[in-house]
Amino acid sequence: MKRLCISGLLFSVLFTSCQEKAKEETKNPETQSKDEVIVYEEYSGTEPTTPEETEFYEPKVPVVNPTSQSGAPSDAIILFDGSSLDNWISAKDSTAAKWHLNDDGSMTVNDKTGDIQTKQNFGDIQLHIEWKSPLPVQREGQNRGNSGIFLNGLYEVQVLDQNNNPTYVNGQVASIYKQHVPLAMASVPTGEWNTYDIIYHAPEFNEEGGKIKSGTITVIHNGVRYRTILKLKAPHLI
């Protein structure tokens, strides 16, 4: 999986949980017919008797510096470092991106210039985004600070100034627009920087165009994990 960073740090944390299997009562094997006996292959054979029998040392795990000079993990692809828009093009005609480059190292949407996209194409990614809505507050509903992050050109993680600004919940901030509602709203005050950490696994298709594996998106908004989507809507082909 590629790890992408727009600005700031990109953190990758994996939490796992273990659930002890409940013991099931079984009949005495001697009184069961051959067809009734259940054999659990994972428990067959001799159990390891020493810790060394459960340890392995290959393949080696790559070493990553989480605090490199760029401010992002050393294995991240820096899509925007605050100095140029060289990694971006117009989504409409693939010409140079025409958004504003600001003195503080951020970029701002340039009115009527259209969407921008990365020059590189990506599949499975981990993406870090920092964004804020403008002050003073202008307009209401979907017209207040509306933007979005599109994945594979199909799925939009909504960007919106949601503070004191009700709208339809499947189009609110951090929703997967018109597809899934977030579990909570974790926006900071208008004019402050929000963060998105997005983990995306693209859907997979066979040669005939049939989907063999659903895509998933996990959105972490300002450190709050919204949800993992297990069945994304998609056309037959990407």
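Computed over the range 79-193, relative contact order equals 17 percent, with contacts defined as Cα pairs under 8 Å that lie 6+ residues apart. Cross-linked pairs 132/211; 112/132; 132/178; 92/178; 178/211: Cα-Cα separations exceed 27 Å for 132/211.
State whether the range 163-230 is rounded, prolate or oblate according to the following rule on the C-alpha gyration tensor (a ≥ b ≥ c being the square roots of its eigenvalues): a/c under 1.5 gives rounded; otherwise a/b larger than b/c gives prolate, and the remaining case gives oblate. Taking the square roots of the gyration eigenvalues as a ≥ b ≥ c, the range 163-230 is prolate.
Near residue 97: Cβ cut-off under 15 Å, other residues only, Lys/Arg at +1 and Asp/Glu at -1. The net charge is -1.
If Lys and Arg each add +1 and Asp and Glu each add -1, what is the summed charge of the other residues whose beta carbon sits under 10 Å from the beta carbon of residue 106? Don't skip to the answer; put the middle values down first.
Details: positive: 132; negative: 103, 104, 130.
Spelling it out: positives minus negatives among the neighbours equals -2.
Using 0.36 nm per residue and subtracting the Cα-Cα separation, the extra length available between residue 208 and residue 100 on full extension is 34.6 nm. Cβ-to-Cβ counts within 10 Å put 56, 80 in ascending order as 56, 80, the fewest first.
What full-extension length gain, to one decimal in nm, is calculated for residue 93 and residue 50 as 0.36 nm per residue of separation minus the Cα-Cα distance? Kindly include the intermediate steps, with their values, before the conclusion.
Details: separation 43, 0.36 × 43 = 15.48 nm, distance 6.30 nm.
Result: 9.2 nm gained on full extension.
Bear in mind that the values in this text are calculations on the coordinates, not laboratory data. Only a predicted model underlies this, so the values are computations on that prediction, with no experimental measurement involved. Reconstructed Cβ throughout: ideal geometry from the backbone, glycine too, with neighbour counts over all protein chains shown.
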